[in-house]
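Shown next, in structure tokens, is the structure this report addresses.
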Amino acid sequence: MKDAASILEFLAWGRHKDPEYHSTVSPEATLAVGTASGDVWDKGSHAIESATDPFGDCSQLSVIQLLLPSPQQVWQLVQYHEECLLWYHGSFFAPSFRDQLEAFYADYGGMIDRPGVNLQWVALLFSIMTGSLVCCPSATLQSWGFRDPEWRTLSKRWFGVVLTCLNRADYTANLSILSCQAIATSTISAHLLGFSSSQSIQLAAAVRIAQSLGLHRLGSETTRNTIDREIGRRVWCQLCSQDWFGIPFSESYLINPLYSTSEPPLNCHDQDLLPLPVDTPTITSYCRFLREVASIIPQLQDDLMVRNTPYTRYEQVLAWDARLRTLVTTERPMFLSHVPIDPQWPCWIPWARRALAISSGHKIIMIHRSFLSDSFTNPAFAFTRRTCLAASKTIIKEYKCVVEEDGPTLWIHQAFSVAASVILLLDVLHRDPNDRESAQQKQLAESVVEILHYHQNSMIAVRGIKLLERQLAIDLNFMATNPGYILFAEVNRSLEKTARRKFD
């Protein structure tokens, strides 16, 4: 099966990459309950729940107000996001948001329905809080008063509030950078909560809004004040990264680098916005570098599309593989390399190093994805097979280190570890069952499953467990005489049943 790894990885996200397994050209006029999408709030009994829950309709501002925790808890969630998560996406400017939050309580009494309260700003507030609630270690959440049953309810409700507030504000007509910030910030929680499909659509809307606001043209000659210009560049930087990293799954992109003339965000501290050397860690450092990594993907896609033979396409894969390796090994900022941690550096430096290692490994795989399936049977692509296996093992090694640390849970930790395990197990299908390497690779995949069992509140973990357990249970002799697509169909059915049981 062509692109098998990407298809299976997408199933773990609750999405479908291949139309052969997901009717899109001629859908039925009437959708059965629970089949509308891969997102968890469309599953099974949601309609019944809405009818019996007096607070089920979160479109009312009075209900949204009930979902807002105490001011102390709001500040705790916002502060955690600023200190431990903002480095990862950089989608809002912390000093400005703190001022706005203070005004929300001082001038409006913390009441969402007061005249003058911008619902697009409320969407950003709930997006920030959802990110903290989903990514923060459970011990920290419990110290703030949030425990598991309530955590699950609030995380999904808060995510829904983001979209509700945006829609009530008519955000596609009343264009504001706030909607772009809210949507970009939501990415950190959307995948873990099982809302990957809707988030991809919201990101597309955010890109178009950002372009309408001119965020793609924030060059040095812009007349905007420094803070507004910097906020715009940071949001655009994140939207570019999200769009370009999605290319392997959509086979297309929204943001053409040729028409994006915005300069990268400054490498600066928020207090003064003064440019600093690239080796000095700031709140924008990681996002700036990750955008450089992301920019490789559209260039590779363009080069592949204009080549006519596997030979010339593979030449491009090898060329961009070399470029990515150079970028992440010799051109990365010093603090992201293996140098001693400076006590004066931010707390997120170790987390950023592991995130970069995991993400870089995944991007190497994505560069080779179009030849990965062939590499299992065609010796001409042996380099791809070796490269993807090595990258997969690196991802899993880093993930094992992540779970030993008291840092935030990032969606890439689980998602890319599942992807790495999928590749290892696909490779096992093309080896002798008694091969020593097969046993080692299955053990690595089993170790990922074991870790995922500790994250049952994550939809990626729930789907990933089902996907990998199904792969691990495959009879190799059976697969040798049956079409590969049976695996996709069976796994997909199992995942949908699991999602309904888990999140209804």
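Among the residues of region 195-203, are any surrounded by fewer than 17 Cβ atoms within 10 Å (Cβ to Cβ) and among the aliphatic types (A, V, I, L, M)? Looking for residues that are surrounded by fewer than 17 Cβ atoms within 10 Å (Cβ to Cβ) and among the aliphatic types (A, V, I, L, M), one finds at least one in region 195-203, hence yes. Is there a residue being more than 19 Å from residue 391 (Cβ to Cβ) and assigned to a helix (DSSP H, G or I) anywhere in region 420-432? Scanning region 420-432 turns up no residue that is more than 19 Å from residue 391 (Cβ to Cβ) and assigned to a helix (DSSP H, G or I).
Among the residues of region 236-279 satisfying the criterion of being of a type in the set (Phe, Trp, Tyr) and either outside any loop (DSSP other than H, G, I, E, B) or in contact with a Ser or Thr (Cβ under 6 Å, 6 or more places away or on another chain) (or both), which is farthest from residue 204 (Cα to Cα)? Don't jump to the end; show me each part of the working.
To start, the set of residues in region 236-279 that are of a type in the set (Phe, Trp, Tyr) comprises 236, 244-245, 249, 253, 259.
Adding the requirement that they be either outside any loop (DSSP other than H, G, I, E, B) or in contact with a Ser or Thr (Cβ under 6 Å, 6 or more places away or on another chain) (or both) leaves 236, 244-245, 249, 259.
On the way: 236: 12, 244: 12, 245: 13, 249: 14, 259: 16 Å.
Within region 236-279, the match that is farthest from residue 204 (Cα to Cα) is 259.
The sole residue among 306, 317 that is of a type outside the set (D, E, K, R) and closer than 22 Å to residue 423 by Cα is 317.
Going through 317, 278 one at a time, which residue ends up being surrounded by fewer than 17 Cβ atoms within 10 Å (Cβ to Cβ) and among the aliphatic types (A, V, I, L, M)?
Details: 317 fails: surrounded by fewer than 17 Cβ atoms within 10 Å (Cβ to Cβ).
It is 278.
Of all residues in region 198-222, those being at pLDDT below 95, in a loop (DSSP other than H, G, I, E, B) and not small (Gly, Ala, Ser) number 3. From the list 285, 295, the lone residue that is free of Cβ contacts under 8 Å to residues at least 60 places away in the same chain, touching a Phe, Trp or Tyr at 6+ places or on another chain (Cβ under 9 Å) and not acidic (Asp, Glu) is 295.
Under the condition of being of a type in the set (A, V, I, L, M) and in contact (Cβ under 8 Å) with a residue 24 or more places away in the chain, which residue from region 58-85 is farthest from residue 116 (Cα to Cα)? Only one residue tops the list, namely 85. Cβ-Cβ contacts under 6 Å between residues 6 or more apart (or on different chains), taken from a first residue in region 98-120 that is closer than 25 Å to residue 271 by Cα to a second residue that is exposed (fewer than 13 other Cβ atoms within 10 Å of the Cβ), are listed as 105/71.
The single residue among 214, 232, 246 that is on the phi > 0 side of the Ramachandran plot and either among the small types (Gly, Ala, Ser) or buried (at least 21 other Cβ atoms within 10 Å of the Cβ) (or both) turns out to be 214.
The values are calculated or read from the model by the stated rules, or taken from the named source; none is laboratory data. Computed from a predicted model, the values in this text were never measured in an experiment. Heads up, the Cβs are rebuilt from the backbone with ideal geometry, glycines too, and the neighbour counts pull from every protein chain shown.
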